[in-house]
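Here's the structure we're looking at; comments come further down.
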């Protein structure tokens, strides 16, 4: 019996020793004190200047949209696979391509920022990143205005009006890049909310209106973080998350209601 007790005592001592060593390793590998020295955000950008993220913010900006590229690609492919007529195929190509480019261009731009690459390339990609916002807003409405029959003439004209608005927004953004930032934000909101007002006042019964409203609300909440660089750490990465979440809500609504899966007999 004494030998058994001695054996258990040895095992317990070795176990305590392992725990002690693990704690030392833990403290060695995870120096929490050093986290205090990390710069989580920079000062807010001055007028007519872009905000410069910190290193950790740049990494977060890359990761939050890089993780969406593959799902967006698979999602676009699924829409095209389910297309059984020309309107569906056109809507799938336009919306699916815009969905993929939104995340791909954003990831590329923030990757260049993260690597500290050529300033001209960064400037060019920043313009592309901003232009994709207009394109994606227009493409998000496009399937709803293309697939199916529209009972109101305003909605039929809106299908093309949204692209005219996108072209005007991109033109303004290219000419006045990073100038008049509040006006630029106002253009985004007009582009996003204007067609929604027309749709709601048309009395046309679109399916999944609840999902469309939910996605729009998520975008609007995200705008707060979009304009909070320098005030809230990782504000732009949080904006990315809201974009990804809202886009997911809208995509699933489009998939379920405009591209239903055909039931095999």
Practice prompt. Please identify the pairs in which a residue from the range 67-94 that is free of Cβ contacts under 8 Å to residues at least 24 places away in the same chain has its Cβ atom under 8 Å from the Cβ atom of a residue that is surrounded by 15 or more Cβ atoms within 10 Å (Cβ to Cβ) and not in a helix (DSSP H, G or I), counting only partners at least 6 apart or on another chain.
Written response: 89/83
Worksheet item: Can you spot a residue in the range 104-125 that is crowded, with 19+ Cβ neighbours inside 10 Å and closer than 28 Å to residue 200 by Cβ?
Response: no
Discussion item. For the range 95-127, give me the residue count where each residue is in a helix (DSSP H, G or I) and more than 24 Å from residue 80 (Cβ to Cβ).
Written reply: 16
Fill in: Hits in the range 163-196 - residues which are more than 23 Å from the chain's Cα centre (by Cα), assigned to a helix (DSSP H, G or I) and at pLDDT below 90
175
Worksheet, complete the sentence: Counting only residues in the range 153-175 that are in contact (Cβ under 8 Å) with a residue 24 or more places away in the chain and within 18 Å of residue 258 (Cβ to Cβ), the one surrounded by the most Cβ atoms within 10 Å (Cβ to Cβ) is identified as 162
Fill in: Where residue 91 falls short, out of the listed (1) modelled with pLDDT under 90; (2) closer than 19 Å to residue 207 by Cα; (3) in a helix (DSSP H, G or I)
(1)
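The values are calculated or read from the model by the stated rules, or taken from the named source; none is laboratory data. As the structure is a computational prediction, the values presented were derived from the model and not from experiment. Glycine gets a Cβ as well: all are built from the backbone with ideal geometry, and neighbour counts include every protein chain shown.
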